[in-house]
Amino acid sequence: MALDALPSKAEKYASVRAMFDRIAPRYDLMNRLMTAGLDQRWRRASIDAIGVGDGDIVLDLACGTGDLAELCARRGARVIGLDFAGEMLHGAQKRGVPAVFVQGDGTRLPLRRGAVSAAVCGFALRNFVALAPVFEELARVLAPGGRVALLDVDRPTQPLLRAGFSFYFDRVVPLVGGLLSDRQAYAYLPQSTVYLPPAPELCETLSKAGFANVQHRRMLFGSAQLLTGELPA
């Protein structure tokens, strides 16, 4: 994958899965460095927003090395972590995250209808080929009244903040990523924000999948975004 070009829709699934397999060994380190630890604060805010707690069965979609899964488990939830990258799942298992981990596709979840009470996803929406099928699958596997929290990056709208963020995210992150992990992957990650639709379109797509009370929240001046919703009871 060229550094100045994103993969085509046909190439995206395979190329992104291979990329995440490559960066799995230093994925946690890079997340903490890139965000100065704010990624964990945003994850906690995500599960706070939908009240994850004791008695919940939670699907952590595109779970990576299990950060969200671990936070949910600490609150008493039973967790299923799903990711398409086997090395990410291996990293989660090595960390001893208390969850059941499954390799699979977000558009064909290996769960029965109504199997979980909540679903979370951290920093992965832009890596799916299409979001509507993913949201529809989440609606299928969630029980009535089930809640969803979808966390991802964003870009500030205020011009000065946007310029500063872009300098860091588009230039510094690929440089540091190239030195510590994988140059190609950390060139892709900032560019991949173009895959994310505007907030109104994200909300509309989630609503069309069957979710109610859909809300969109920006965090840290628009550097990250949180999309939440719930199924009718």
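The values are calculated or read from the model by the stated rules, or taken from the named source; none is laboratory data. The structure displayed is predicted, hence computed values, not measured ones. Counting neighbours? That spans all protein chains shown, and the Cβs are built from the backbone with ideal geometry, glycine included.
State which residue pairs qualify: first residue among the charged types (D, E, K, R) and inside region 203-229, second residue in a strand (DSSP E or B) and at pLDDT below 95 in any location, beta carbons under 7 Å apart, and separation of 6 or more residues or different chains.
Qualifying pairs under 7 Å: none.
Considering 155, 162, 183, 171, which residue is of a type in the set (Lys, Arg) and within 30 Å of residue 58 (Cα to Cα)?
After ruling out the rest, the residue left standing is 155.
Aliphatic (A, V, I, L, M), surrounded by 16 or more Cβ atoms within 10 Å (Cβ to Cβ) and not in a helix (DSSP H, G or I) - does that describe any residue in region 27-48?
No - not one qualifying residue is present in region 27-48.
Please state which of the following conditions residue 15 fails to meet, knowing it meets all the rest: (1) surrounded by fewer than 22 Cβ atoms within 10 Å (Cβ to Cβ); (2) at positive phi; (3) without any contact (Cβ under 8 Å) to a residue 40 or more places away in the chain; (4) not acidic (Asp, Glu).
Here residue 15 clears every test but (2).
Output yes when any residue across region 201-212 is part of a strand (DSSP E or B), at pLDDT 85 or above and exposed (fewer than 15 other Cβ atoms within 10 Å of the Cβ), and no when none is.
Yes.
For region 103-119, what are the residues that are among the aliphatic types (A, V, I, L, M) and more than 16 Å from the chain's Cα centre (by Cα)?
111, 115, 116
Mind checking which residues of region 169-182 are surrounded by 14 or more Cβ atoms within 10 Å (Cβ to Cβ) and in contact with a Pro (Cβ under 9 Å, 6 or more places away or on another chain)?
169, 170, 173, 174, 181
Going residue by residue through region 139-154, is there one that turns out to be touching a Ser or Thr at 6+ places or on another chain (Cβ under 9 Å), at pLDDT 95 or above and loosely packed, with under 14 Cβ neighbours inside 10 Å?
Scanning region 139-154, I find at least one residue that is touching a Ser or Thr at 6+ places or on another chain (Cβ under 9 Å), at pLDDT 95 or above and loosely packed, with under 14 Cβ neighbours inside 10 Å, so the answer is yes.
Every residue, every condition in (1) out of contact with any Gly (no Cβ under 6 Å at 6 or more places or on another chain); (2) within 15 Å of residue 68 (Cα to Cα); (3) in contact (Cβ under 8 Å) with a residue 60 or more places away in the chain, yes or no:
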position	(1), (2), (3)
85	yes, no, yes
89	yes, yes, no
92	no, yes, no
96	yes, yes, no
99	no, yes, no
108	yes, no, no
114	yes, no, no
127	yes, no, yes
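For region 2-11, check the following and say yes or no: at least one residue is within 16 Å of the chain's Cα centre (by Cα), part of a helix (DSSP H, G or I), of a type in the set (D, E, K, R) and under 21 Å from residue 125 (Cβ atoms).
Checking region 2-11: not a single residue is within 16 Å of the chain's Cα centre (by Cα), part of a helix (DSSP H, G or I), of a type in the set (D, E, K, R) and under 21 Å from residue 125 (Cβ atoms).
Considering region 216-233 alone, what residues qualify as being in a loop (DSSP other than H, G, I, E, B) and surrounded by fewer than 18 Cβ atoms within 10 Å (Cβ to Cβ)?
Of everything in region 216-233, those that are in a loop (DSSP other than H, G, I, E, B) and surrounded by fewer than 18 Cβ atoms within 10 Å (Cβ to Cβ) turn out to be 232, 233.
Are any of the residues in region 75-82 part of a loop (DSSP other than H, G, I, E, B) and either hydroxyl-bearing (Ser, Thr, Tyr) or crowded, with 16+ Cβ neighbours inside 10 Å (or both)?
yes
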